[in-house]
Amino acid sequence: MTMASAKNWHSVAVLTSPGQYAGFLEALRKNDGRISLEQRFVLAAEAMRLIGEYRTTIGRYFTKLDFTRDVKPFLNIR
């Protein structure tokens, strides 16, 4: 959902951290309940950065696994 929101940044503001809430609410107050395109773009860029970090972490984890030792013994497939 985060990536889909970030890809649609022109229509959606995607917040990925509670630390973003105060600034977001302040911008809403100052702009009659609207968020600028620039603000939405900045929020989307941060979301994409976080998604990239997440996927990189998962990729590193998987590449360190040995199938025979770390995966196969835990599979319950018949």
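Between residue 41 and residue 3, what FRET efficiency follows from the Cβ-Cβ distance if R0 is 25 Å, with the result rounded to 0.05?
Calculated value: 0.95.
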Working out 0.36 nm times the residue gap between residue 26 and residue 67, then minus their Cα-Cα distance, what length gain in nm do you get to one decimal? 9.7 nm
May I ask you to compute the full-extension gain from residue 17 to residue 34, defined as 0.36 nm times their residue separation minus their alpha-carbon distance, rounded to one decimal in nm? 4.2 nm
Among 75, 6, 24, pick out the residue whose Cα is farthest towards the positive end of the charge dipole of the chain, where Lys and Arg carry +1 and Asp and Glu carry -1 on C-beta, about the Cα centre. 75
With the 8 Å Cα cutoff and a minimum separation of six or more residues, the range 7-57 has a relative contact order in percent of 48
Relative to the first principal axis of the alpha-carbon coordinates of the chain, what is the inclination of helix 37-64, with its axis defined by its Cα atoms, in degrees from 0 to 90 and to the nearest 10? 10
Option label - Cα Rg over 2.2 N^0.38 Å computed here, alternatives (1) 0.97; (2) 1.65; (3) 1.26: (2)
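Bear in mind that the values in this text are calculations on the coordinates, not laboratory data. Note that the structure is a prediction, hence the values are computed from the model and not measured. Methodologically, a virtual Cβ is constructed for each residue, glycine included, from the backbone with ideal geometry; neighbour enumeration extends over all protein chains shown.
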